[in-house]
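This report refers to the structure that appears directly beneath it.
The values are calculated or read from the model by the stated rules, or taken from the named source; none is laboratory data. Values in this document were obtained by computation on a predicted structure and should not be read as measured data. Backbone-built Cβ (ideal geometry, glycine too); neighbour counts: all protein chains shown.
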Protein chains: 2
Amino acid sequence: MAIKPAKTMTLSDIARLAGVSESTASRALRDNPVINAQTRQKVQQIAADHQFKVNATARSLRTQKSHTIAVIILFDAKTQQAITDPFLLDILGVIADELTRQGYDMLLSSSKTTDKDWRSYYFDSKRADGLIIIGQGEHDERVEQLSNAGVPFVVWGAASGTEHFPVIGSDNRQGAQLAVAHLVSRGCKRIAFLGDIRHTEIEMRYLGYQDALQAAGIKAEPALQLNTDFTAQAGYLQTQQVLFNQLATLDGIFAASDAIAMGAMKALLEHNIKVPQQVALVGFDDIAMSAYCTPSLTTVKQDTHAGGKLLVAQLLSRINGNKATSQLLPVKLIERQSSLRSHTIAT
Amino acid sequence: MAIKPAKTMTLSDIARLAGVSESTASRALRDNPVINAQTRQKVQQIAADHQFKVNATARSLRTQKSHTIAVIILFDAKTQQAITDPFLLDILGVIADELTRQGYDMLLSSSKTTDKDWRSYYFDSKRADGLIIIGQGEHDERVEQLSNAGVPFVVWGAASGTEHFPVIGSDNRQGAQLAVAHLVSRGCKRIAFLGDIRHTEIEMRYLGYQDALQAAGIKAEPALQLNTDFTAQAGYLQTQQVLFNQLATLDGIFAASDAIAMGAMKALLEHNIKVPQQVALVGFDDIAMSAYCTPSLTTVKQDTHAGGKLLVAQLLSRINGNKATSQLLPVKLIERQSSLRSHTIAT
DNA sequence: TGCACTATTGCAATCGATTGCAATATCACC
DNA sequence: GGTGATATTGCAATCGATTGCAATAGTGCA
């Protein structure tokens, strides 16, 4: 029953078959009400019969709109690793769905591409109508430049307050504060922080960590604040390190991501340190695996669904000439086993 | 020092500024050797000064090539979940990098989009020059149809042998065989299989599982073969199930993915079953987290790097008029703690 | 019957770059 | 000086769809 793999049809073919002009055919296909209902139906029928699809390229050229959004994933300049954190995948999926729902295509740019000048490559060349920039990027001057160039874009991350572009992101500071306050409430007094504060988001989590300590009257110890990359491996190695130095008294760890937390947990367990009895552990992100490691990981859940939708909504609003505004999304502490202990227990 | 956000320049602007015709300008920018070296340099200089970027849309229209590849991620029709398996992200990253390297853009399609007719949407409309289809898809008649429609595309998955399109994928059968033979060599006799064999790839792993059992003279027990979705949760629930029924004697589990394996591990540990002493466990994929769970997970590593490169290479070859051929990639068993026991130990 | 007005449809320009072919300039060599 | 070959450059068509404006047909009303 399959219709022949029809040689590519153009609008002019359809017009000819329908016995109308190209303009009428074009209008009919776009449901322009000025076209007579019968004519419209006839044209649409013929187009459907021949599996005609508007040539997106020609349309884009004429309308000056690509109906495509470029999603750019920033990488750690140092590790240069490819998309790897499960959290990214999460939000990427939401964005993809939402863009599709809005009739936009999604151009995805990965590590190497970001060497290019995004503005030139995606925007000036008309490949995309706007940009969504994601990732635990460090301060990147390229982003600031974009905002001076009239390119519609939004960023997933943490607002520093000084930037001139819309940033959507979780309330990292509050999330961290919740997490660390939770550890404190479980009796932790010497709590390590694992994360790379050169990333704005992590910097915010670090501030939240300090907020909570201060609120509890605990003095922050620099030796417990470890610069840690975004990988389980980094979490593992840094935890070994801190254990080596602080073994006797460390009783809590706040990791800036679940991946880091899992690495940390591995190191703890290898040293026969009981989690959470001796050291309680909290992560950040609530990736799928967090519920299934042992002990399961207490963590801060980001609302990726709302985040993705908001990113898209704000960007499209910006593209349509309105303003896009920064927004902070609430987060939620998910308590699991890695911090499940009475606060009266001590080592 | 920033150059003004220059109003979009067109080729004709550049030509005028350089005092040459559009055709000369175009040729100069494309390094056409027929153009005088001085002219060429002058044009290129002017273009660079004004941050001129060729309008990709216009070029595509004229050349009839989009230089874009659509990557489509198939979903489980039942669970309808978004991209979630870390493994997908892995191979997606490789493909993205490789496409970029080859000068192609990547259009990513997620769940909802796949409701559409890919051929029409991506190919007929000239949005993409070719398709890469990824994911643990079940048999999907849409894919077969594509091959009759003259659309260049390649599939990541498992070749059934009867399909008429190029399939790149791991040697799932051998991988599973290695994994299960490994369990057998560790003394396992009653080995469960967790996976959804309606997915061709998983079906292959199931066959490998049977191969290994047969080679070891072990009779396969239907009660130990559990249909399991691609999630840690499914692995967890199914394992609870099998434990409930088979507690006394189950001594090994082969999970069709690492996510499933982690769910299984959780269930085992919750029942105070020692891994690997009482039940040894092997997964598939070698996702990043596998090395960092406790006990770390023995698994079968797929060569995503080679796979991604091959997918791209074969597709581009096909686009350039050559044939694309199916290929099976070798896999490797990664031994970690979840199966680390002497084969003489028994419960 | 005549005129204004509305409903439809078509003409032709346009989006921006690429390219086959023709045109011109330059040069070597007899 | 003449002739053919070679190096450069430009003209104009083309890719396929969209859209402002003009043209035509049809309708209602005086």
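For the range A:207-220, state whether one or more residues are under 18 Å from the mean Cα position of the chain (by Cα), closer than 30 Å to A:Trp156 by Cα and of a type in the set (D, E, K, R).
No, the range A:207-220 contains no residue that is under 18 Å from the mean Cα position of the chain (by Cα), closer than 30 Å to A:Trp156 by Cα and of a type in the set (D, E, K, R).
Here's a check for you: in the range A:18-75, which residue that is farther than 30 Å from A:Asp229 by Cβ and in contact with a Phe, Trp or Tyr (Cβ under 7 Å, 6 or more places away or on another chain) is nearest to DNA strand D (Cβ to nearest atom)?
If we take residues in the range A:18-75 being farther than 30 Å from A:Asp229 by Cβ and in contact with a Phe, Trp or Tyr (Cβ under 7 Å, 6 or more places away or on another chain), then A:His67 is nearest to DNA strand D (Cβ to nearest atom).
From the set of residues in the range A:127-161 that are within 13 Å of A:Asp117 (Cβ to Cβ) and part of a helix (DSSP H, G or I), which is modelled with the lowest pLDDT?
Among them, the one singled out is A:Glu141.
With the requirement that a residue be modelled with pLDDT under 85, crowded, with 22+ Cβ neighbours inside 10 Å and at the interface with chain A (Cβ under 7 Å from one of its Cβ atoms), what does the range B:91-120 give you?
Selection gives B:Ser110, B:Thr113.
Name the single residue, out of those in the range A:25-73 being crowded, with 16+ Cβ neighbours inside 10 Å, of a type in the set (A, V, I, L, M, F, W, C) and more than 30 Å from B:Ala96 (Cβ to Cβ), that is farthest from the other protein chains (Cβ to nearest Cβ).
A:Ile35
If B:Ser257 meets every condition in (1) in contact with a His (Cβ under 6 Å, 6 or more places away or on another chain); (2) crowded, with 24+ Cβ neighbours inside 10 Å apart from one, which number is that one?
(1)
Here are some conditions: (1) within 14 Å of another protein chain (Cβ to nearest Cβ); (2) within 20 Å of the chain's Cα centre (by Cα). A:Arg318 meets all but one. Which one does it not meet?
Evaluating A:Arg318 over (1) within 14 Å of another protein chain (Cβ to nearest Cβ); (2) within 20 Å of the chain's Cα centre (by Cα) leaves (1) as the failure.
Is it the case that some residue within the range A:263-285 is at positive phi, buried (at least 24 other Cβ atoms within 10 Å of the Cβ), of a type outside the set (S, T, N, Q) and touching a strand residue (DSSP E or B) at 6+ places or on another chain (Cβ under 8 Å)?
The answer is yes; a qualifying residue exists.
Would you be able to say whether some residue in the range B:243-252 is out of contact with any strand residue (DSSP E or B) (no Cβ under 6 Å at 6 or more places or on another chain), within 11 Å of another protein chain (Cβ to nearest Cβ) and surrounded by fewer than 22 Cβ atoms within 10 Å (Cβ to Cβ)?
Taking every residue of the range B:243-252 in turn, none turns out to be out of contact with any strand residue (DSSP E or B) (no Cβ under 6 Å at 6 or more places or on another chain), within 11 Å of another protein chain (Cβ to nearest Cβ) and surrounded by fewer than 22 Cβ atoms within 10 Å (Cβ to Cβ).
Taking B:Ala255 as meeting all but one of (1) within 14 Å of chain A (Cβ to nearest Cβ); (2) closer than 24 Å to B:Ala212 by Cα; (3) free of Cβ contacts under 8 Å to residues at least 24 places away in the same chain, write down the number of the exception.
(3)
Which members of the range B:10-24 meet the condition of being more than 18 Å from A:Ser120 (Cβ to Cβ) and within 9 Å of DNA strand C (Cβ to nearest atom)?
B:Ser12, B:Ala15, B:Ser21, B:Glu22, B:Ser23, B:Thr24
Return a yes/no flag: does the range B:183-195 have any residue that is surrounded by fewer than 22 Cβ atoms within 10 Å (Cβ to Cβ), in a helix (DSSP H, G or I) and modelled with pLDDT of 95 or more.
yes
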